[in-house]
Amino acid sequence: MTERRWDPVTGEWRTFATHRQDRTFLPAADACPLCPTTDPAAPTEVPESSYQLVVFDNRFPSLSPRPPDPSLPPGELFDVTPAVGAAEVVLYTDRHDLTFADLGLDRVRRLIDV
């Protein structure tokens, strides 16, 4: 299920995406899907052995260009709509030990451009 529901208490839309419960969570270092591929027999999401920036579609998106119909109809307390949108993963370094603050200005500029 992926849908948006109106929260009358906060006055904001909330996104529900129960199918994301099956996504990769804290994998072992040797099984990280976001590391560059080092062994062609065990590819990751990144087919190159190193990179500066990589962008690809999220395999477990909260939003979708063609989402299914909501699981329940709108009610008196809240409205329900399909969760239309897009979700991409942006990797800005191939080193897990770096933070955004560690990036050089050229890489930050490239990331902003992306």
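Just give me the residues in the stretch 1-21 being under 18 Å from residue 86 (Cβ atoms) and assigned to a helix (DSSP H, G or I), in sequence order.
Scanning the stretch 1-21 gives 19, 20.
Quick check on the stretch 73-85: of everything there that is without any contact (Cβ under 8 Å) to a residue 40 or more places away in the chain and loosely packed, with under 12 Cβ neighbours inside 10 Å, which residue is farthest from the chain's Cα centre (by Cα)?
76
Could you give me the residue pairs with C-beta distances under 8 Å whose first residue belongs to the stretch 99-114 and is under 14 Å from residue 55 (Cα atoms), whose second residue is basic (Lys, Arg) wherever it lies, and which are 6+ apart or on separate chains?
Cβ pairs passing all conditions: none.
In the stretch 16-50, what count of residues is obtained for those that are within 21 Å of the chain's Cα centre (by Cα), among the hydroxyl-bearing types (Ser, Thr, Tyr) and exposed (fewer than 14 other Cβ atoms within 10 Å of the Cβ)?
Number of matching residues: 3.
Identify the residue in the stretch 71-92 that is part of a strand (DSSP E or B) and in contact with an Asp or Glu (Cβ under 8 Å, 6 or more places away or on another chain) and, among all such residues, is farthest from residue 3 (Cα to Cα).
89
Across the stretch 46-70, what is the total count of residues that are in a loop (DSSP other than H, G, I, E, B), within 30 Å of residue 5 (Cβ to Cβ) and of a type outside the set (Lys, Arg)?
Within the stretch 46-70, residues that are in a loop (DSSP other than H, G, I, E, B), within 30 Å of residue 5 (Cβ to Cβ) and of a type outside the set (Lys, Arg) number 10.
Which condition number in (1) loosely packed, with under 12 Cβ neighbours inside 10 Å; (2) in contact (Cβ under 8 Å) with a residue 60 or more places away in the chain is the one that residue 1 fails?
Answer for residue 1: the failing condition is (1).
Here are some conditions: (1) buried (at least 16 other Cβ atoms within 10 Å of the Cβ); (2) under 28 Å from residue 14 (Cα atoms); (3) over 18 Å from the mean Cα position of the chain (by Cα). Residue 69 meets all but one. Which one does it not meet?
So the condition that residue 69 fails would be (1).
Every number here is computed from the coordinates shown, using simple stated rules; none is lab data. Note that the structure is a prediction, hence the values are computed from the model and not measured. Positions of Cβ are backbone-derived with ideal geometry, glycine not excepted, and every protein chain shown enters the neighbour counts.
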